[in-house]
Amino acid sequence: MGDRERNKKRLLELLQAAGTGNTHCADCGAADPDWASYKLGIFICLHCSGVHRNFPDVSKVKSVRLDFWDDSMVEFMTSNGNLNVKAKFEARVPAFYYVPQASDCLVLKEQWIRAKYERQEFIAHEKAVSPPGDREVFLWKRGRDNAQFLRRRFVLLAREGLLKYYTKEEGKTPKAVIHIKDLNATFQTEKIGHPHGLQITYRREGRIRNLFVYHDSGKEIVDWFNALRAARLQYLKLAFPDLPESELVPLITRNYLKQGFMEKTGPKQREPFKKRWFALDALERRLLYYKNPLDAFEQGQVFLGSQEQGYEVCEDLPKGIRGNRWKAGLTVITPERKFIFTCPSEKEQQEWLESLRDVLSSPLSPLNLLTAPAESGCGLR
Ligand SMILES: [Zn+2]
């Protein structure tokens, strides 16, 4: 066996080696990475390797399978590896910081990778992280009633637990004052149609208001997102003083468990089926629906209690009911009524069923006890 083959075999064994962390991408956790940074000594996935290519002073990448590796490189990979290198570069990741996963959008991964290795924000000897402070940023915000994005000033007052935004640059009166306790933020790049697109939501008079924003700089939008998260964690610590931080972190912000178009009918089940955009907020146990994906407010919402409370989801439609265009369907049963939905494909139907079952079978979280509606049939039409 030549050097080339022998070294490739050694690397492939190293990828599987127990206790190294090499079985998953060092940056996003994707399984079976087959790229590596031979300057940092980590194994990464193809997507993350694309980010690493952008700062060759810090990182240099090669394919494990396709590129040539000499002995010294393989030895360097052996003495480093994902867990060892993480211990250095992730020594002090703040609890509020959003650590992206394989399914997250590129801007989150890119800024995480840059923060880690290029800016070295999380290594142990860095200066102490200051507590979340006030922050001001100009964001492009989608108009409520048109698709135009306009520059708006956003001010985060972390200690007061408030987020304000202003339509006038020097204006004194905010357009909205948002309580951090009612706030969520989730990157929605596809829906918004911008690689840095962020959806900010908050509760207003029983409904959920959506703001769609972006910043031209990936660093600015991710920093802003993490500033909102820092303020949220601070609020959660005050609201739930008895819960450990590890239980609060999943409550800081949340992504939708599933989104997409379905058709629904009204409470009599004889009304015509109408196409709506649905978003499933698992943590708040709500299925929200909209006329259009970028609407400012939902048209209605279905609260999803637990199975013990009589909530259920089943495959298919009740007998005698047929959808408009779509055949695959599902029924959500709540103590008040049955909701009938049709899905554009069987694949979508199965994904919705799985996601809804996930929510119904999970116990109520501390947040639900704060926010569950007194009458669970709120906002239906
Ligand atoms: Zn990755």
Unmet requirement for Y117, which otherwise passes all of (1) more than 16 Å from the ligand (Cβ to nearest atom); (2) in contact with a His (Cβ under 9 Å, 6 or more places away or on another chain): (1)
Top-ranked residue of the range 335-370 - restricted to ones that are at pLDDT below 95 and assigned to a loop (DSSP other than H, G, I, E, B), ranked as nearest to P318 (Cα to Cα): R337
Matching residues, the range 86-97, being of a type outside the set (G, A, S) and part of a loop (DSSP other than H, G, I, E, B): E90, R92, V93, P94, F96, Y97
Matching helices (runs of 4 or more DSSP H) fully within the range 1-85 where at least 1 residues are open to solvent by less than 60 Å² (accessible area, probe 1.4 Å) and more than 11 Å from the ligand (Cβ to nearest atom): 3-16, 71-79
Residue match in the range 292-306 (condition: open to solvent by 40 Å² or more (accessible area, probe 1.4 Å) and polar (S, T, N, Q)): yes
Residue check for K291: under 18 Å from C343 (Cα atoms) and touching a residue at least 24 places away in the same chain (Cβ under 8 Å): no
Evaluation of L108 against (1) farther than 30 Å from N84 by Cα; (2) in the same structural domain as N82 (by TED's automatic domain parsing); (3) not acidic (D, E) (one fails), failing number: (1)
Among (1) touching a residue at least 60 places away in the same chain (Cβ under 8 Å); (2) at positive phi, the one test that G193 misses: (1)
Residue in the range 129-144 that is within 30 Å of N22 (Cβ to Cβ), in contact (Cβ under 8 Å) with a residue 24 or more places away in the chain and in contact with an Asp or Glu (Cβ under 7 Å, 6 or more places away or on another chain) present: no
Qualifying position, being outside the structural domain of F187 (by TED's automatic domain parsing) and farther than 29 Å from L198 by Cβ, among S103, S72, S59: S72
Every residue from the range 166-204 that is out of contact with any Pro (no Cβ under 6 Å at 6 or more places or on another chain), among the hydroxyl-bearing types (S, T, Y) and either assigned to a helix (DSSP H, G or I) or open to solvent by 30 Å² or more (accessible area, probe 1.4 Å) (or both): T167, T173
Residue in the range 264-279 that is hydrophobic (A, V, I, L, M, F, W, C), assigned to a loop (DSSP other than H, G, I, E, B) and crowded, with 19+ Cβ neighbours inside 10 Å present: yes
Every pair of residues 6+ apart whose Cβ atoms lie under 6 Å, when the first sits in the range 42-62 and is within 16 Å of M77 (Cα to Cα) while the second is near the ligand (Cβ under 8 Å from one of its atoms) and open to solvent by 10 Å² or more (accessible area, probe 1.4 Å): C45/A30
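The values are calculated or read from the model by the stated rules, or taken from the named source; none is laboratory data. Model, not experiment: these values are computed from the prediction. Because the Cβ atoms are built from the backbone with ideal geometry, glycine has one as well, and the counts that use them run over all protein chains shown. Ligands, DNA and RNA are stripped out before the accessible areas are found, and what is left, the full protein with its side chains, is counted by its heavy atoms. Shrake-Rupley method; radii C 1.70, N 1.55, O 1.52, S 1.80 Å.
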